[in-house]
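Have a look at the structure below, then the notes.
The values are calculated or read from the model by the stated rules, or taken from the named source; none is laboratory data. None of these values were measured; they are calculated from a predicted model. Because the Cβ atoms are built from the backbone with ideal geometry, glycine has one as well, and the counts that use them run over all protein chains shown.
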Amino acid sequence: PLLVGLDATLDALLTDDDVALAAEGRTPAGGFLADPLVEYAKYYARSEQVADGRFACHDLLAALAVAEPEVLTDVQVLPISVDTGGSAAWGSTVADRRRRPDTQAVGYHPWRVALGADERRFRTVFRTMVGGEAPA
């Protein structure tokens, strides 16, 4: 299994130009992605989490990581657990990154975890998929 979380997806941002390219509908993928990308862009514009005109598309990076693993720059096997105890972190995915060779923390299981992404490669794959040129 591979977990592609926010650590990686916030490294791979799209731009308004990418949305416009998808909206041209040059490929079936572009036509399919155009409306959801507009919604992602609107959300990020309102949330002010990233610079204007740039936004993360979490689901798209996770899907592309399967087809194009090179979009990920840092993948590690980490012990992972989901907090089910009803605490403030309830529902959160937790990685135990303490150095403890030859031991497995109780309740944790090894998973491949993406910790970074190559934004240029991600945008190149995306733009190719929707019928455009690689980003400048």
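For the stretch 24-59, taking the residues that are in contact with a strand residue (DSSP E or B) (Cβ under 8 Å, 6 or more places away or on another chain) and surrounded by 18 or more Cβ atoms within 10 Å (Cβ to Cβ), the one that is modelled with the highest pLDDT is identified as Leu37.
A single member of Gly131, Gly86 is modelled with pLDDT under 95, outside any helix (DSSP H, G or I) and more than 20 Å from Asp35 (Cα to Cα), and it is Gly86.
Among the residues of the stretch 95-136, the ones that are surrounded by 12 or more Cβ atoms within 10 Å (Cβ to Cβ), farther than 30 Å from Gly30 by Cα and among the hydroxyl-bearing types (Ser, Thr, Tyr) come to 1 in all. Would you confirm, using the coordinates I've provided, whether Ala63 is surrounded by fewer than 14 Cβ atoms within 10 Å (Cβ to Cβ), of a type outside the set (Asp, Glu) and within 13 Å of the chain's Cα centre (by Cα)? Yes; evaluated as a whole, the condition is true for this residue.
The condition (being surrounded by 20 or more Cβ atoms within 10 Å (Cβ to Cβ) and in contact with a Cys (Cβ under 7 Å, 6 or more places away or on another chain)) is satisfied by just one residue among Leu21, Leu14: Leu14. Would you check if Val71 is exposed (fewer than 12 other Cβ atoms within 10 Å of the Cβ), β-branched (Val, Ile, Thr) and within 12 Å of the chain's Cα centre (by Cα)? No: the conditions fail for Val71.
Selection of the stretch 17-74 for residues being of a type in the set (Lys, Arg) and free of Cβ contacts under 8 Å to residues at least 40 places away in the same chain yields Lys42, Arg46. Of the residues contained in the stretch 77-94, one or more are found to be farther than 30 Å from Asp17 by Cβ, touching a residue at least 40 places away in the same chain (Cβ under 8 Å) and surrounded by 15 or more Cβ atoms within 10 Å (Cβ to Cβ).
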